[in-house]
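What follows is a short report on a single structure.
Laboratory data are not the source of any read-out in this text; all were calculated from the coordinates shown. On a predicted model such as this, the values are computed, not experimentally measured, just so you know. Positions of Cβ are generated from backbone atoms using ideal geometry, with glycine treated the same way; all protein chains shown enter the neighbour counts.
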Number of protein chains: 2
Amino acid sequence: MSTLRSWFSIPRDSHFSLANIPFGIISTAASPTPRVAVAIGDHAVDLDAFTANNGFQALSIIQPHQTVFSQPSLNAFAALGRPMHTVVRKYIQSVFSADTPYPDVLKNNASLQAQVLVPLEHVTSHLPFKIGDYTDFYAGLHHAYNCGVMFRGSSGAIQPNYKYLPVGYHGRASSIVVSGTPIRRPNGQVLLDPSAEKKIPTFSPCRMLDMELELGAFICKANTQGEPVAIGEAPDSLFGVVLMNDWSARDVQAWEYVPLGPFNSKNFGTTISPWVVLADALEPFKTQGLENDTEILPYLQEKDNKSVYDIQLQVDLKTQSGNTATITKTSARHLLWSFPQMIAHHTITGCNLQSGDLLGSGTISGSTTAQSEMGSLLEQSAGGKKTVKIAGGEERRFLEDGDEVTISGVCGGDEGMLVGFGTCVGKIEPALTLSF
Amino acid sequence: MSTLRSWFSIPRDSHFSLANIPFGIISTAASPTPRVAVAIGDHAVDLDAFTANNGFQALSIIQPHQTVFSQPSLNAFAALGRPMHTVVRKYIQSVFSADTPYPDVLKNNASLQAQVLVPLEHVTSHLPFKIGDYTDFYAGLHHAYNCGVMFRGSSGAIQPNYKYLPVGYHGRASSIVVSGTPIRRPNGQVLLDPSAEKKIPTFSPCRMLDMELELGAFICKANTQGEPVAIGEAPDSLFGVVLMNDWSARDVQAWEYVPLGPFNSKNFGTTISPWVVLADALEPFKTQGLENDTEILPYLQEKDNKSVYDIQLQVDLKTQSGNTATITKTSARHLLWSFPQMIAHHTITGCNLQSGDLLGSGTISGSTTAQSEMGSLLEQSAGGKKTVKIAGGEERRFLEDGDEVTISGVCGGDEGMLVGFGTCVGKIEPALTLSF
Ligand SMILES: [Ca+2]
Ligand SMILES: [Ca+2]
Ligand SMILES: [Mg+2]
Ligand SMILES: [Mg+2]
Ligand code: NI
C-alpha cells in the first residue's frame with residue numbers, strides 16, 4: 001500500500017491513521033445519544049451526522065442501510081457483512097484522502113466538517129457492541145504453559161487436549177465494560193492456606209487481583225443453530241478486533257475452578273478498548289502463529305497459515321502514587337490458535353454465533369522465561385513469589401488499590417500509516433466493605 | 001389457601017389452575033407478533049389483547065406500564081419487580097374467580113372472551129425471555145456425587161469447594177431454545193480410548209448424548225455492577241421458574257473440560273419449558289433442601305431454610321419406534337443450594353445480573369443409588385456400563401436419533417389446584433454429515 005495522505009491533519013504518530021478507520025460508539029455533551037463513529041487522527045467522525053447530511057452520497061450501496069449509523073451499538077452495521085464493511089471503510093478513506101474524488105463531500109465543505117469532526121477529547125466512548133455472548137479462549141500457549149506449571153508442575157502443564165482444540169469457556173457478557181470504567185476489587189471465597197489438609201475458605205477482598213493481556217474479536221455474521229461455520233468461511237464472521245483486559249481474581253479462581261472452570265474469579269469485569277479495528281485493516285499484519293506440532297483435525301486446518309496478527313502489545317502500570325512501569329511488551333502473534341480456528345471450533349457442535357458476540361484470545365505471553373514478555377502478573381510474579389519493579393522503588397506481586405493498568409497495541413512501524421487500537425484502561429477501586 | 005373456583009372451565013388435572021397463572025410469550029396464526037400471555041387451563045390469555053380492551057381497568061397501578069404486555073419477551077414485565085408481578089397475578093386470579101368482583105371485565109363479556117382466550121393447541125410458544133446471560137449451577141449433590149465417582153472415584157467425588165459455594169459455570173445463552181425445538185446431535189472431538197497413553201481425539205458425531213433434568217430460574221431485578229445482592233434481598237431478584245434440559249455431549253465433555261470446564265459439550269442447545277411459573281405461585285411449595293453439613297459463610301446463610309421447591313419431576317423417553325418409558329421420577333428438593341444462594345454467590349464479586357438472565361439449578365437426582373431417581377443417563381447407565389429399559393424390549397445407555405425426551409413437573413396434589421410447568425420437550429435429530 002502506498003502512503004495514504006489526507007487533506008485533514010492527522011498526527012504522524014496517531015494509531016488512527018487513514019490506513020486504519022476503526023469503528024466505535026460515541027456521544028458528546030451537545031449530542032448525548034450514542035451513535036456510530038470512526039476515529040481518524042485526533043478526531044471522531046460522527047457517522048450519524050455524516051449520514052444525515054448526505055455524506056454517503058457517492059456510495060449508493062449503503063444508502064438503504066444508513067439507519068445502522070444511528071444505532072447505539074455496532075451490531076446492525078456489523079451484521080451487514082464484511083463486503084459492506086470493506087466498501088464503507090474504503091469510501092471513508094477516499095473521502096479523507098488528499099486527492100479525494102469527492103471533494104465536495106467533506107474536504108471543501110467546512111460546515112459539514114464542523115458538524116461531524118469531533119475532537120476525541122470531547123467524545124465519550126461507549127461499549128461498541130451489545131454483547132450477546134462472550135467466550136474466552138486460552139490460545140496463548142506460553143501463558144497456558146506458565147500457569148500449568150504453577151498449578152500442575154511442568155510435566156502436566158499442558159493438558160493432552162490443548163494442542164488438539166482451542167480450549168475456551170463461556171464468560172460473563174453483562175460485566176464487560178469500556179476502557180476507562182473503574183474496576184472494583186471483588187470480595188469472595190479464598191483459601192488462605194491452600195496446602196492445609198482441611199480446606200476451609202475465608203471471606204475476603206481478593207488478595208491476588210490480576211490483569212490478563214488479550215485481544216477480543218467481535219463476530220459480525222450469525223450462523224444458524226445446528227450449522228457449523230467451515231474454517232474456510234470463518235474469516236467472513238470476523239468483524240474486527242479490540243484490546244481486552246480479562247481481570248482475574250487468582251485466589252478466588254484457585255479455590256472455585258474445579259471441576260467446572262473459572263466463574264466468580266472472572267465475572268466481575270472485563271475491559272475492552274472502544275475502537276474496533278476492522279479485520280480488513282489488520283490484513284497487512286497477518287502472520288504465522290505459534291507452531292502446532294500435533295496433527296490437528298481437518299475442521300481446524302487453515303489453508304493460509306498466516307492467520308494471527310503481529311500487533312505490538314504493551315502493558316503499563318501506574319500506581320496510586322503516580323509511579324509507572326511498562327510491565328509487558330510482546331506481540332499478538334504468540335497464539336497457538338487463530339480467531340478463525342476458534343470460530344470453527346466454537347460452532348462445530350452447531351452452536352450459533354450472533355453479530356456482537358465477543359471472543360477473547362486468551363492471555364498473550366511472549367515467552368515462558370522472560371518476565372517482561374508475560375501477559376499477567378500471575379506469571380510475572382511466579383504465583384506471587386517474585387516481584388515486578390515499578391519506578392520509585394515500588395514493586396508489585398498483584399494489583400493494589402489505585403493501580404491503573406493500560407494496555408496499548410499498534411501494528412506497523414511507518415509513521416503516518418499506523419494501525420493501532422488506542423488504549424484499554426482500568427483503575428482498581430478498593431473492595432466494598434459488606435455488612436452481610 | 002381455599003380452593004380457587006373459576007367461572008371459566010379449567011380441567012381439574014390442569015397444570016395451569018387458578019392457583020398458578022404462569023407467564024409466557026405466544027403468537028397465533030391470526031396474530032403472528034409475539035406477545036405476553038398467561039396460561040389458564042387449556043387456554044392462553046392474550047394479555048396484549050386484554051390490555052388493548054381495557055382489561056386492566058380495575059388495576060390502576062399497572063396502567064402506566066401496560067406496553068410491557070405488547071413486548072416479544074417478558075424482560076420488561078419482569079423488570080417491573082416482584083410487587084408488580086404479585087398484584088398482576090392476583091388481579092388475573094380475581095378476574096377469573098367464580099365470585100369475581102369484576103364480572104364486567106371478562107366473565108360477562110363474551111366478545112372479549114372470544115378475543116383473548118386462545119386454546120393452547122392454537123398457540124405457538126416462544127422463548128419467554130431475551131436471555132442476556134445464562135449460568136448453570138451444579139447444586140444437585142447426588143448428581144455431583146454420582147458424576148464425581150465416575151470421573152475421580154468415590155473418595156474424591158465431591159470436591160473440597162462443593163459444600164462451601166454453589167459451583168457453577170457461565171453457559172451459552174444464544175443456543176437456549178423453547179420446548180419443542182428439535183436438537184441436532186453435535187459433531188465434535190471425542191477420545192475413543194480414554195485409557196490409551198497417547199491421547200489422540202477422533203472427529204465424530206457425539207456417541208454419548210445425554211439429557212440433564214434441571215430447573216431454570218429467571219432473574220427480574222438488575223443489580224449495579226460492583227454491588228452484590230445480599231442473601232436476604234435475593235428472593236426479590238427471582239422472577240420465576242421453568243423446567244430445563246441441559247443437553248450434554250458426555251464424550252466431548254470428558255475430552256475438553258480440563259482445565260476450564262465444559263464448553264462445546266454444552267453449547268449446542270439447552271431447552272426450557274415455555275410457561276414461567278412465578279416465584280409467588282411456588283411459595284406454598286417451598287421446603288428444605290439437602291442438608292449441608294459444613295459451616296457456610298454468612299453471605300450464603302439464609303434466614304428461612306425452606307428455600308427450595310418440592311416440585312414433582314418426571315422424565316419420559318419415547319423412541320423413534322414409539323416405545324416409551326418413564327425414566328426418572330424425583331423432586332426438585334434434592335438441591336444443596338437454593339436460587340437465592342446462587343444469586344448471592346453469583347453477585348458477591350459485584351457481577352451484575354439483568355432482567356432475563358437465566359440460572360440453571362444443576363442436574364437434579366433424587367438418589368445416589370436408585371437408577372429411576374437419577375436426572376441424567378450418564379448416571380442411570382453408570383457411564384454407559386448399564387442399560388435403561390424402555391418398553392418393547394428397547395434399552396438405552398445414551399440418547400439415540402429420534403429419541404424424544406419430555407420433562408414434566410408439578411407442585412401439589414389437589415386436583416383443581418395444581419401449580420405445574422407443563423412440559424419441556426426435545427427430539428434428537430441425526431448429526432450433520434460435514435464436508436469439511
Ligand atoms: Ca482470559
Ligand atoms: Ca447442567
Ligand atoms: Mg473477565
Ligand atoms: Mg446446554
Ligand atoms: Ni450472554
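Structure notes:
- Per-residue mean of C-beta atoms belonging to partner chains within 10 Å, peptide A:297-305: 2
- Taking the inverse of the mean reciprocal distance over all distinct Cα pairs, the Kirkwood hydrodynamic radius of segment A:23-126 comes to 13.8 Å.
- Here residue B:13 yields copy-to-copy label distances, from shortest upward, of 8.0 nm, the label point defined as 7 Å from Cα along Cα to C-beta.
- Most mobile listed residue (A:331, A:273, A:361) in chain A, GNM with C-alpha springs under 10 Å: A:331
- Using every pair of separate Cα atoms, the Kirkwood estimate puts the hydrodynamic radius of chain A at 22.5 angstrom.
- Averaged over peptide B:157-163, the number of partner chain Cβ atoms lying within 10 Å of each residue's Cβ comes to 4.
- Within the shell of other residues whose beta carbon sits under 11 angstrom from the beta carbon of residue A:432, the net charge comes to 0, with Lys and Arg scored +1 and Asp and Glu -1.
- Taking every alpha-carbon pair under 8 Å whose residues sit at least 6 apart, segment A:134-429 reaches a relative contact order of 27 percent.
- Shape descriptor for the protein assembly as shown: Rg over Rh equals 0.98 (Cα atoms; Rh from the Kirkwood inverse mean 1/r).
- Residue-count net charge about residue B:159 - beta-carbon cut-off 13 Å; Lys, Arg +1, Asp, Glu -1: +2
- Binning the C-alpha pair distances of segment B:255-332 at 10 Å intervals from 0 yields a P(r) profile of 12, 24, 34, 26, 4, 0 %, listed from the shortest bin outward.
- Net +/- balance of residues flanking residue A:17 in space, Cβ distance below 10 Å, scoring K and R +1, D and E -1: -2
- Per DSSP, loop GluC sites (Glu not before Pro) in segment B:267-327 with at most 12 further Cβ within 10 Å: B:291, B:295
- Angle in degrees between helix B:82-96 and the longest Cα principal axis of chain B, rounded to the nearest 10: 60 degrees
- The GluC sites (Glu not before Pro) of segment A:161-228 meeting both criteria, a DSSP state outside H, G, I, E and B (loop) and at most 15 other C-beta atoms within 10 angstrom of the site's C-beta, are A:197.
- Each residue of segment B:294-309 was assigned a 3J(HN,Hα) from its phi angle through the Karplus curve 6.51 cos²θ - 1.76 cosθ + 1.60 (θ = phi - 60°); the sequence is 9, 8, 8, 5, x, 5, 10, 7, 9, 5, 9, 7, 8, 10, 10, 10 Hz, with glycine and proline shown as x.
- Amide hydrogen neighbours beyond the local backbone of residue B:239, cut-off 5 Å, H modeled: B:218, B:219, B:220
- Fluctuation leader among B:57, B:371, B:354 - chain B, Gaussian network, Cα springs under 10 angstrom: B:57
- For residue B:163, a cut-off of 16 angstrom between C-alpha atoms picks up these lysines, skipping any fewer than 8 places away in its own chain: A:198, A:199.
- Stretched out straight at 0.36 nm per residue, the stretch from residue A:293 to residue A:154 would grow longer than its current Cα-Cα span by 48.2 nm.
- Residue of chain A with the Cβ closest to the rotation axis carrying A onto B, and that distance rounded to whole Å: A:261, 1.
- The modelled label-to-label distance for the pair residue B:65/residue B:124, using points 7 Å beyond Cα in the direction of Cβ, is 2.9 nm.
- Rounded if a/c under 1.5, otherwise prolate or oblate - segment A:112-264, Cα gyration tensor axes: oblate
- Segment A:134-429 - charge dipole about Cα centre, Lys and Arg +1 at Cβ, Asp and Glu -1, debye rounded to 20: 760 debye
- Here the Gaussian network model covers chain B, with springs between Cα atoms less than 10 Å apart; of B:381, B:155, B:237, B:155 fluctuates the most.
- For segment A:343-384, the Kirkwood hydrodynamic radius comes to 12.8 Å, computed from all pairs of different C-alpha atoms.
- Taking every Cα-Cα distance in segment A:299-403 and sorting them into 10 Å bins from zero, the calculated P(r) comes out as 13, 34, 27, 19, 7, 0 percent.
- Among the trypsin sites (Lys or Arg not before Pro) within segment B:137-226, those in coil by DSSP and having at most 15 neighbouring Cβ atoms inside 10 Å are B:198, B:199.
- Geometric descriptor of segment B:208-278, per residue, is 127 Å³ (volume of the convex hull of the Cα atoms).
- Label-point separation, residue B:109 to residue A:9 (7 Å along Cα→Cβ), nm: 6.8 nm
- Using equal-weight Cα scatterers in the Debye expression, the normalised intensity of segment A:52-95 in log10 at q = 0.16 Å⁻¹ is -0.39.
- Taking the helices alone, chain B has a mean residue ellipticity at 222 nm of -4000 deg cm²/dmol, built from -39,500 (n - 2.57) per DSSP H run of at least 4 residues and averaged over all its residues.
- DSSP beta bridges in chain A [antiparallel fraction, %, rounded to 5]: 90 percent
- Rough spin-label spacing in nm, given labels placed 7 Å along Cα→Cβ, for residue A:258 and residue B:303: 3.8 nm
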